[in-house]
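Heads up, the thing below is written out as structure tokens.
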Amino acid sequence: MKPSVASSGKWLLLAALASLLLAGFFWQNLIFASAVATSEYRPALLRDAVWGEPVSSFRERFNSGTPEAELLLWLAETGFKIASNGSAYRRLRGLPCNELVEVSWTAVDGEIRDSSAVVLKAGCL
């Protein structure tokens with residue numbers, strides 16, 4: 001015997017209501033899960049950073065003698081806001097903490113002389 005269209009519609013309605021009921025019970029978990037899923041992550045070069053300490057892997061990559069253009073390209077590709085005074089920053093929104101990454105450098109004739117990147121805590125839940 002073939003199910004009727006009305007019978008199929010009832011099952012769809014029941015499934016939709018059950019889904020809404022479950023979402024109502026677990027709305028906080030759903031919000032938290034979506035916040036975690038949309039969190040930003042540090043660029044790979046900064047993943048091993050410890051809050052408030054200069055990142056050694058960054059300094060090794062952009063050491064003295066590296067063309068400044070390479071650093072500027074990396075900063076642009078990874079979403080940093082570049083200031084005109086040899087500095088850049090990026091705010092990473094994540095859970096449980098937001099982070100602020102500050103990059104600074106000095107360059108002479110287009111070559112880096114010194115560079116530093118520091119990841120700072122910028123607010124936690």
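As a summary of the residue check, Ile31 satisfies the conditions (1) loosely packed, with under 12 Cβ neighbours inside 10 Å; (2) within 20 Å of the chain's Cα centre (by Cα); (3) among the hydrophobic types (A, V, I, L, M, F, W, C); (4) modelled with pLDDT of 90 or more except for the one numbered (4).
Working only within region 52-87, note down all residues that are surrounded by 12 or more Cβ atoms within 10 Å (Cβ to Cβ), in contact with a Leu (Cβ under 7 Å, 6 or more places away or on another chain) and assigned to a loop (DSSP other than H, G, I, E, B). Of everything in region 52-87, those that are surrounded by 12 or more Cβ atoms within 10 Å (Cβ to Cβ), in contact with a Leu (Cβ under 7 Å, 6 or more places away or on another chain) and assigned to a loop (DSSP other than H, G, I, E, B) turn out to be Val55, Phe62. For region 77-99, the tally of residues that are among the aromatic types (Phe, Trp, Tyr) and under 16 Å from Gly52 (Cα atoms) stands at 1. Scanning region 42-80 for residues that are of a type in the set (S, T, N, Q) and out of contact with any helix residue (DSSP H, G or I) (no Cβ under 9 Å at 6 or more places or on another chain) gives Ser56, Asn63, Ser64, Thr66. Scanning region 82-97 for residues that are of a type outside the set (S, T, N, Q) and touching a strand residue (DSSP E or B) at 6+ places or on another chain (Cβ under 6 Å) yields Ile82, Gly86, Ala88, Tyr89, Arg90, Arg91, Leu92, Pro96, Cys97.
The values are calculated or read from the model by the stated rules, or taken from the named source; none is laboratory data. Treat the numbers as computed from the prediction; the structure is a model and nothing was measured. Here the Cβ is made from the backbone with ideal geometry for all residues, glycine too, and neighbour counts use every protein chain on show.
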